[in-house]
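S.K.: Below are the structure tokens for one structure; questions will follow.
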Amino acid sequence: MKRRIIKQGHNTLTMTLPSEWVKKLNIKPGDELEVNESSGSLIIGGKQNGKHKSTVIDITGFSVPMLWRFFQSAYREGYNEIKLIYDPNKVGYEDAYNYYASQFEYSRMGEKPIKKPVLDMIGGLVNRFIGLEIIDHGENYCTIREMGELTSKEFDNSLRRIFLLILELFDKIISLIEKNKIGDISICKTLHAMDTNIDRFIDYCCRINSKINDSSFQKNKPVMFSTLFLLELLSDEFKYIGNHLAKSKKNVDEILDFAKTIKEHFEMYYHLFYKFNREMAIKFGENDFKIYNDHFKWKESGNKDSNSIRGHLMQISKFVFCLMELRIEMEY
């Protein structure tokens with residue numbers, strides 16, 4: 001659609017807003033709207049969080065992974081209220097919060113998954129997502145609602161938090177390798193809990209990215225969503241590293257220097273994300289090439305866990321490279 005520019009007064013230019021858009025968002029005289037500049041465009045955002053969105057999900061017959069997918073999708077899409085319908089006759093539910101770790105990794109290390117009552121299972125699920133609370137429940141349903149409002153400042157703060165938490169994961173595995181902390185299921189649990197916390201903030205950023213439009217990092221929503229998705233995949237690699245450390249019976253210090261190198265590579269991307277410059281981008285490219293060269297020259301050791309951990313670190317470097325591609329795209 002096109003709008004004609006109208007001159008008012010000596011130096012003021014105005015234009016009208018589309019009437020259908022105004023009615024849809026219930027915009028009234030005196031309301032404040034966010035206006036952001038993006039290259040040669042102006043992005044006008046409507047009143048934030050004005051529309052209440054609710055949905056109903058019938059989880060009867062769902063596996064825990066399917067429940068996760070439905071609930072996470074509704075959360076990321078910005079629904080304010082989610083009502084879960086369930087079978088009141090079903091007695092025990094698998095733990096939703098630690099499902100993958102408890103069903104697979106922990107069980108391989110000797111722990112048996114524990115069944116829970118439905119409200120305990122849902123409570124664990126809801127606690128995984130920032131800003132939600134259970135407000136009501138009955139014989140066969142549970143209602144979850146958003147508490148508080150979302151803002152662009154929360155998006156920016158949460159995104160920064162994701163980067164810092166990933167750096168903490170790097171520091172954790174480096175410390176474990178340096179101190180030869182291996183062969184203990186608590187390693188797996190610690191790294192899994194740290195990764196889950198990152199996932200919480202990633203989902204929260206996805207939710208805000210869907211609902212509001214006034215963050216400096218939201219001028220290109222698809223690129224930002226892809227960035228969050230890759231950060232989630234990157235942090236998942238630390239869980240797999242934790243599994244190998246927890247199961248290893250041999251020292252894995254031969255990969256210590258490589259772990260430090262990959263951390264430095266991620267730090268370089270992190271700084272470029274917030275303060276992009278051409279010289280550092282060139283250095284990043286050179287560093288990425290060196291990592292690949294060194295990796296393919298490296299001969300596998302007799303320790304299978306060392307080889308596997310190095311492979312996961314290499315996968316992290318690939319994700320970092322993809323993240324850098326997305327960051328460069330943000331410049332255009």
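S.K.: How many of the residues in the range 289-330 are under 21 Å from residue 273 (Cα atoms) and touching a residue at least 60 places away in the same chain (Cβ under 8 Å)?
M.R.: Matching residues across the range 289-330 total 11.
S.K.: Condition first: touching a helix residue (DSSP H, G or I) at 6+ places or on another chain (Cβ under 6 Å), of a type in the set (A, V, I, L, M, F, W, C) and surrounded by fewer than 18 Cβ atoms within 10 Å (Cβ to Cβ). Can you find one or more residues in the range 275-288 that meet it?
M.R.: Yes, that holds for at least one residue.
S.K.: Also: Suppose we filter 239, 250, 263 for residues that are among the basic types (Lys, Arg), part of a loop (DSSP other than H, G, I, E, B) and either surrounded by 15 or more Cβ atoms within 10 Å (Cβ to Cβ) or not assigned by TED's automatic domain parsing to the domain that holds residue 180 (or both); which single one remains?
M.R.: Values: 239 fails: part of a loop (DSSP other than H, G, I, E, B); 263 fails: part of a loop (DSSP other than H, G, I, E, B).
It is 250.
S.K.: Give me the residue from the range 82-117 that is part of a loop (DSSP other than H, G, I, E, B) and of a type in the set (S, T, N, Q) and, out of that set, modelled with the lowest pLDDT. First the steps, then the outcome.
M.R.: Step one: list which residues in the range 82-117 are part of a loop (DSSP other than H, G, I, E, B), which gives 86-92, 95-98, 109-114, 117.
In the following step, the residues that additionally are of a type in the set (S, T, N, Q) were identified as 89, 98.
On the way: 89: 89, 98: 68.
Looking at residues that are part of a loop (DSSP other than H, G, I, E, B) and of a type in the set (S, T, N, Q), I get 98.
S.K.: Report whether or not residue 139 is closer than 23 Å to residue 68 by Cα, acidic (Asp, Glu) and either touching a residue at least 12 places away in the same chain (Cβ under 8 Å) or exposed (fewer than 14 other Cβ atoms within 10 Å of the Cβ) (or both). It would help to see each step written out before you state the result.
M.R.: Details: closer than 23 Å to residue 68 by Cα: yes; acidic (Asp, Glu): yes; either touching a residue at least 12 places away in the same chain (Cβ under 8 Å) or exposed (fewer than 14 other Cβ atoms within 10 Å of the Cβ) (or both): yes.
When the stated conditions are applied, residue 139 passes them.
S.K.: Going through the range 125-142 one residue at a time, which ones are farther than 15 Å from residue 204 by Cβ and in a strand (DSSP E or B)?
M.R.: Hits for the range 125-142 are 134, 135, 136, 137, 141, 142.
S.K.: Out of 145, 160, which single residue is in a helix (DSSP H, G or I), among the basic types (Lys, Arg) and under 23 Å from the mean Cα position of the chain (by Cα)?
M.R.: Details: 145 fails: in a helix (DSSP H, G or I).
The conditions single out 160.
S.K.: Residues 175, 158: which one is surrounded by fewer than 22 Cβ atoms within 10 Å (Cβ to Cβ) and free of Cβ contacts under 8 Å to residues at least 12 places away in the same chain? It would help to see each step written out before you state the result.
M.R.: Values: 158 fails: free of Cβ contacts under 8 Å to residues at least 12 places away in the same chain.
175 is the lone residue from the list that is surrounded by fewer than 22 Cβ atoms within 10 Å (Cβ to Cβ) and free of Cβ contacts under 8 Å to residues at least 12 places away in the same chain.
S.K.: Can you name every residue in the range 295-332 that is farther than 14 Å from residue 256 by Cα and of a type in the set (D, E, K, R)?
M.R.: Residues satisfying the conditions are 297, 299, 300, 304, 318, 325, 327, 329, 331.
S.K.: Further question: In the range 151-186, what residues are closer than 21 Å to residue 266 by Cβ and of a type in the set (Val, Ile, Thr)?
M.R.: Those that are closer than 21 Å to residue 266 by Cβ and of a type in the set (Val, Ile, Thr): 162, 166, 173, 174, 177.
S.K.: Looking at the range 214-221, is at least one residue hydroxyl-bearing (Ser, Thr, Tyr) and part of a helix (DSSP H, G or I)? Write out each step before concluding.
M.R.: As a first pass, look at the range 214-221 and keep what is hydroxyl-bearing (Ser, Thr, Tyr): 215-216.
When the remaining residues are screened for being part of a helix (DSSP H, G or I), the result is none.
Checked the range 214-221: no residue is hydroxyl-bearing (Ser, Thr, Tyr) and part of a helix (DSSP H, G or I).
Yes/no per residue for (1) assigned by TED's automatic domain parsing to the domain that holds residue 306; (2) farther than 30 Å from residue 146 by Cβ; (3) at pLDDT below 85; (4) not hydroxyl-bearing (Ser, Thr, Tyr):
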position	(1), (2), (3), (4)
173	yes, yes, no, yes
177	yes, yes, no, yes
188	yes, yes, yes, yes
193	yes, no, no, yes
201	yes, no, no, yes
209	yes, no, no, yes
215	yes, no, yes, no
255	yes, yes, no, yes
259	yes, yes, no, yes
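The values are calculated or read from the model by the stated rules, or taken from the named source; none is laboratory data. Values in this document were obtained by computation on a predicted structure and should not be read as measured data. Cβ sites come from the backbone with ideal geometry, for glycine too, and all protein chains shown count toward neighbours.
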